[in-house]
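Written below as structure tokens is the structure these notes are about.
The values are calculated or read from the model by the stated rules, or taken from the named source; none is laboratory data. Keep in mind that what you see is a predicted model, and the values were worked out from it rather than measured. FYI the Cβ positions are ideal-geometry reconstructions off the backbone, even for glycines, and counts take in every protein chain you see.
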Amino acid sequence: MNRWLGLLALASIVPAAAAAQDTTAVRRSDTTAALRPAPAPTVSLSLAEALGQARSTSPTYRQTLNDAAPARWGVRNAYGNLLPSASVSGDLGYIGSGQSNFGGGFVRPTSAFLTSGYSLGVFWQLDGRVLSAPGQQKALQRATEEDIGGAGIALQAEITTQYLNALQTAAQVGVARQQVLRNADFLALANARYEVGQATLLDVRQAQVAKGQSDVALLRAAQANNEAKLDLIRRMGVEPPAPVDQIALTDSFPVQAPEFQLAALLSLADEQNPTLRSLKARQTAATWSVRAARSEFLPTLQLQAGWSGFTQQLTDESLLLGETLTSAQGQAAECQYDNQVRTALNLGGQVQNCFG
């Protein structure tokens, strides 16, 4: 009876051992996907090209450049206010023909008239605010130029920093890829040692976990590199010329120890820092503004001169000639009648020529 129980126990243990042996079978992981080479770059980008493109298309930098034109026109307008202002005007008029009634049934036809008027005026005013405006506007123009210079330096620093960040992420991709290759070799070694009984299943599982973690790290590094290049292109203000994984950054920079002195840096910043120079220029503009406000208590000089003219022209000259002829004939007839009366009464004083 004990022998049959032993056989039954052995029969039940053998399938269990076989099942356990099946569960410990090591499955070979496919490493070709993680080790697939990156796409060959089709577009190269150097730091100088990135800076030049950013100066041409960066929206933030272009907005700062737009402030230069209003600043120049502000200076021109300030100088223009020192000159006198002139005004010119003219008008044209037309009066139609008609009749003039002088009463008593006496009516005279009138000709049409063309009229024109002209006027010219000159005005010049000089006060403290007008005199202070050129200095104030020139100071504001210098401040605007310094703002533009500061924006250019900030753009250069921004593009350079992002270019270095993209290079850093590209180097991290290379490191992650090497780690994947190393962990793939470790996994292959663990599988080989397990097959010959020199390693346990736990060693194989640990190698698989390390390989999977390195695959994830490689994907994250590649994603970070693509995002860094996209951020660089966004800061440049352009569209990607190719898929981002096919854009290669060609410049490299040697690592050197900085050799700067604090006193020299402070002196250089005090002389050339655009933000500081812009604030100093605005301080000068504020000083001119205070002077202009104080000058309101001073008298104002004003000069004004003008000229005007008026013309009138008849459109029907025959009517005017007819009126003149009729008037002359009437005077001649009156002269002849007067001569006849004087002759009849022997008064003397006759006019010799009534048509002269």
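Determine whether the stretch 248-268 contains at least one residue that is in contact with a Pro (Cβ under 7 Å, 6 or more places away or on another chain), surrounded by 12 or more Cβ atoms within 10 Å (Cβ to Cβ) and not acidic (Asp, Glu). Break it down into steps so the answer makes sense when it comes.
Filtering the stretch 248-268 down to residues in contact with a Pro (Cβ under 7 Å, 6 or more places away or on another chain) leaves 248.
Within this subset, residues satisfying the condition of being surrounded by 12 or more Cβ atoms within 10 Å (Cβ to Cβ) are 248.
Narrowing the set further to residues that are not acidic (Asp, Glu) leaves 248.
Scanning the stretch 248-268 turns up at least one residue that is in contact with a Pro (Cβ under 7 Å, 6 or more places away or on another chain), surrounded by 12 or more Cβ atoms within 10 Å (Cβ to Cβ) and not acidic (Asp, Glu).
I'm trying to understand the selection: among the residues of the stretch 218-247, which are among the β-branched types (Val, Ile, Thr), touching a residue at least 60 places away in the same chain (Cβ under 8 Å) and surrounded by 18 or more Cβ atoms within 10 Å (Cβ to Cβ)? Show your work before the answer.
To start, the set of residues in the stretch 218-247 that are among the β-branched types (Val, Ile, Thr) comprises 233, 238, 244, 247.
With the extra rule that they be touching a residue at least 60 places away in the same chain (Cβ under 8 Å), the set shrinks to 238, 247.
Once the filter is applied, which keeps residues that are among the β-branched types (Val, Ile, Thr), touching a residue at least 60 places away in the same chain (Cβ under 8 Å) and surrounded by 18 or more Cβ atoms within 10 Å (Cβ to Cβ), the stretch 218-247 yields only Ile247.
Can you tell me how many residues within the stretch 234-249 are more than 19 Å from Gln223 (Cβ to Cβ) and of a type in the set (A, V, I, L, M)?
Selection size over the stretch 234-249: 2.
Determine, yes or no, whether Glu239 is in a helix (DSSP H, G or I) and charged (D, E, K, R). Working first, answer last.
Working: in a helix (DSSP H, G or I): no; charged (D, E, K, R): yes.
No, not satisfied.
Are any residues in the stretch 229-271 among the β-branched types (Val, Ile, Thr) and closer than 21 Å to Leu155 by Cβ, and if so, which ones?
Narrowing the stretch 229-271 to residues among the β-branched types (Val, Ile, Thr): 233, 238, 244, 247, 250, 255.
Listed by number, the residues that qualify are Ile233, Val238, Ile247, Thr250.
Please give the number of the condition Thr115 fails out of (1) surrounded by 14 or more Cβ atoms within 10 Å (Cβ to Cβ); (2) polar (S, T, N, Q); (3) over 30 Å from Gln206 (Cα atoms).
(1) is the only condition that Thr115 fails.
Just to be sure, is Ala199 under 37 Å from the mean Cα position of the chain (by Cα) and modelled with pLDDT under 95? Walk me through how you get there before you give the answer.
Numbers: under 37 Å from the mean Cα position of the chain (by Cα): no; modelled with pLDDT under 95: yes.
No.
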